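K.L.:
To start, I am sharing the structure in question, which I have written as C-alpha cells.
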Amino acid sequence: MSFPIVLTFLALILVFFLVPGLFISRRLRVSFSLTNIVRFIKIATSKYDDEEERNEKGSTMGEKVKRERHKMPKHVAVILDGNRHWAEKRGLGTSDGHEAGAKRLIENAKDCFAMGTNTISLFAFSTENWERPEDEVNCLMALFETNFKSEMPYFQREKIKISVIGNRSKISESLLSLIGEVEEATKSYEGKHIIIAIDYSGRFDILQACKSLAKKAKDGLIEVEDINEKAMEKELMTKCSEFPNPDLLIRTSGEQRISNFFLWQSAYSELYFPNVLWPDFGEAEYLEALTWYQQRQRRFGRRV
Ligand SMILES: *[C@@H]1O[C@H](CO)[C@@H](O)[C@H](O)[C@H]1NC(C)=O
C-alpha cells in the first residue's frame, strides 16, 4: 500500500469511527468501546413506527429515554444473575464475582434513581441459594454486612429507604441487627426505595400472606368476603413499597425464568432478559433496557 492510500484510510477511520464514537461516548457518559458504539448504532438505526419518535430521530439514546420520563418504570425489579460465571470467565474466585456484582449494584441504583425510578427491588439471595457451597453462602452474607455498613452514609445522604424482605429465621444475629439499624434509620424517606430480597421466595410470600389473612378471618377481624386483591397486597412483603408491583423485571445472564421471585407482583410486569452477566450490566445496558421498555409501553398502550 502506498503512503497516500494509508493516509486516506486513516482519515476515513477517524471521520467515520473515532469522532462519532468519542462524541457518543461523551454524550452518554459510557466508556468508549467498540461494543458500546455498535450498540448505539443498532439502537439509533432501529425503525420506529410512530410520528413522535420520527421527530426525535437524531437525539441520543440517553436524552430520549430521559425526555420520556413519564414512561419511566416506577418500580424496577432485578434478578441478579451471572456473578459466578463472570468470575470464572476471568479466572477469578467466586467471591470476586460477587464483589464485582455488589459494586455494580450500587452504581446501577444511582443511575436508576437519577432517571426517575422510585423503587428498585433486588433478588439478592433466594431460598435455594442456601444450598450453594458453605464458603459461597458465607461470602454473600459477609458482603451484605460490609455493604450495609459502608453504604449507610450514602443511603442517608441520598435519603434512600431500605427494606429487606424474606424469611429472616436463618439470617445471623449480626446481620439481622444491622438490617434493623438500616431499616430504622431510613424508614421515613420517600421517593427512593431499595428492597433487598434475602432468603425470599415468591411462594413463601404468598403463603405468609394467606396465613395472615386466614388468622384475621379466624379471629373475626375480617370477613372471608373481604379477601380480595387489595387485601392480599396489604399482606405481601412488598407492602413496604408505594409501588409494590414492578413495571419492569430484569434478569441478567440470559436465563429466562422468574425462579420464584415476585410471583404475585410480576403478573403484569414487562420481562427483560439481556444476555449480559450482572457485573457487566452497566449504564449503557440499562439505557437499552429502558428504551426497550418505553417501546413496549408505546405499542401496547395502557395496560389493565
Ligand atoms: C423460614 O425458614 C425456616 C428455617 O429454614 C423454616 O423452618 C421455615 O419453614 C421458613 N418459613 C417458611 C414459611 O417457609
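The values are calculated or read from the model by the stated rules, or taken from the named source; none is laboratory data. Small disclaimer: the values here were computed from a predicted structure and weren't measured. Counting neighbours? That spans all protein chains shown, and the Cβs are built from the backbone with ideal geometry, glycine included. SASA here: full protein model, heavy atoms, side chains in, ligands and nucleic acids out. Shrake-Rupley method; radii C 1.70, N 1.55, O 1.52, S 1.80 Å.
K.L.:
Between Y200 and residues 5 or more places away or on another chain, which pairs have amide H atoms under 5 Å apart, with H built 1.01 Å from N, and which residues are they?
P.N.:
When sequence neighbours closer than 5 places are left aside, the close amide H contacts are F125, T127, N167.
K.L.:
If I ignore ligands, DNA and RNA and count only protein heavy atoms, how much of F281 is accessible to a 1.4 Å probe, in Å² to the nearest 10?
P.N.:
10
K.L.:
Under 5 Å between amide H atoms, partner at least 5 residues away or on a different chain: which partners does V164 have, H built in plane at 1.01 Å?
P.N.:
I196
K.L.:
Can I ask one more? Give me the number: length gained by fully extending R132 to K170, i.e. 0.36 nm times residue separation minus the C-alpha to C-alpha distance, one decimal in nm.
P.N.:
Working it through step by step, the gained length comes to 12.2 nm.
K.L.:
Would you mind getting me the FRET efficiency between I106 and R298? Use the beta-carbon distance for r and R0 = 35 Å, nearest 0.05.
P.N.:
0.65
K.L.:
Below 8 Å between Cα atoms, with a sequence gap of 6+, how large is the relative contact order for region 162-297 in percent?
P.N.:
Relative contact order for region 162-297 comes out at 21 percent.
K.L.:
Spin-label point model (7 Å from Cα, Cβ direction): what's the L263 to T146 distance in nm?
P.N.:
3.4
K.L.:
Return the distance in nm (one decimal) between the two label points of a simple spin-label model at Q156 and E181, each offset 7 Å from Cα along Cα→Cβ.
P.N.:
1.0
K.L.:
Right, next: Based on the mean of other beta carbon atoms within 10 Å per residue, what is the order of 116-123, 198-205, 146-153, most packed first?
P.N.:
The peptides rank, most packed first, as 116-123, 198-205, 146-153.
K.L.:
Moving on to the next point. Could you work out, for region 68-294, what percent of all Cα-Cα pairs fall into each 10 Å distance bin, beginning at 0 Å and stopping at the bin that holds the largest distance?
P.N.:
Over region 68-294, the share of Cα pairs per 10 Å bin runs 7, 32, 38, 18, 5, 0 percent.
K.L.:
Using θ = phi - 60° and the Karplus form 6.51 cos²θ - 1.76 cosθ + 1.60, what ³J(HN,Hα) does each residue of region 183-199 get, whole Hz, x for Gly and Pro?
P.N.:
Each residue of region 183-199 in turn: 4, 5, 5, 10, 5, 8, 6, 10, x, 10, 9, 10, 9, 10, 9, 10, 6 Hz.
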